[in-house]
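The values are calculated or read from the model by the stated rules, or taken from the named source; none is laboratory data. None of these values were measured; they are calculated from a predicted model. Don't worry about glycine lacking a Cβ; one is built from the backbone with ideal geometry, like all the others, and counts go over all protein chains shown. Keep in mind that these areas ignore ligands, DNA and RNA; they rest on the heavy atoms of the full protein, side chains included. Shrake-Rupley method; radii C 1.70, N 1.55, O 1.52, S 1.80 Å.
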Amino acid sequence: MQSHIAAYLFQLNRISLPGLGSFSVSESPAIPDFVNRQILAPVLSTSFSETVDEDAADAFLHYISKKEGITNQQAAEQYQQWYGSVQQQLGQGMQVQLAGIGKLHQQNGTVVFDEETLPAVFFPAVHAERVIHPEAAHTMLVGDKETTNVEMTDYFATEPVKKDRWWIWALILGLSGAGIILFQLLQYATGIFGTGNACSIETVNPGTLYRLIQ
């Protein structure tokens, strides 16, 4: 019975067992690992609920009848025999092992499921080389803005516009000229309004100057 349960579950990703509950399998997405040049395989995860889908349960019993070559009634009887054994083990506080799926045990009247972790060998990574076609447009993230490689190529290929800075030199020359003029004006003003004792200069006859010196 357990082989039928596991085969049915992993083929359809869902199974409902009459009186017990439902199992479902979900698959995580593959993860690209560009650093190690590989793609990590999807990982399967199994969950359990005590809710039973009656239509899905009937479909599973029909599956058993087809695999065993028996009637639906006989398939239901085989299942009830297995389910009675499961109920007995859970009631005694024992764990019920479902091969390839996990373990069931009862806690405070509730059936609890512990998933079985499948070996990593079942999910090998795939070698992958990242190929980039320069001529093909593809999206890329620059900071927090999404753009394309074509737009970025055009952006860097565009020569920056050279700004005309002639007015800076004109301003420097103007300020230098104004400074020279201001300096000259200050020198002239100092000569006119200079401080200190002022005296008049008289012309002295050279002969008189000679006698004074003698």
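Taking the range 101-148 only, how many residues are out of contact with any His (no Cβ under 9 Å at 6 or more places or on another chain), at pLDDT 80 or above and either outside any loop (DSSP other than H, G, I, E, B) or of a type in the set (A, V, I, L, M) (or both)?
Number satisfying all stated conditions: 9.
Restricted to the range 7-29, and to residues that are assigned to a loop (DSSP other than H, G, I, E, B) and touching a residue at least 24 places away in the same chain (Cβ under 8 Å), which residue is surrounded by the most Cβ atoms within 10 Å (Cβ to Cβ)?
20
Checking the structure you have, find out if any residue of the range 33-42 is open to solvent by less than 80 Å² (accessible area, probe 1.4 Å) and of a type in the set (Phe, Trp, Tyr).
Within the range 33-42, not a single residue is open to solvent by less than 80 Å² (accessible area, probe 1.4 Å) and of a type in the set (Phe, Trp, Tyr).
Inside the range 59-100, can you point out the residues that are in a helix (DSSP H, G or I), in contact with a strand residue (DSSP E or B) (Cβ under 6 Å, 6 or more places away or on another chain) and open to solvent by 40 Å² or more (accessible area, probe 1.4 Å)?
Scanning the range 59-100 gives a single hit, 89.
Quick check on the range 20-32. Is at least one of its residues within 12 Å of residue 79 (Cβ to Cβ) and of a type in the set (Val, Ile, Thr)?
Checking the range 20-32: not a single residue is within 12 Å of residue 79 (Cβ to Cβ) and of a type in the set (Val, Ile, Thr).
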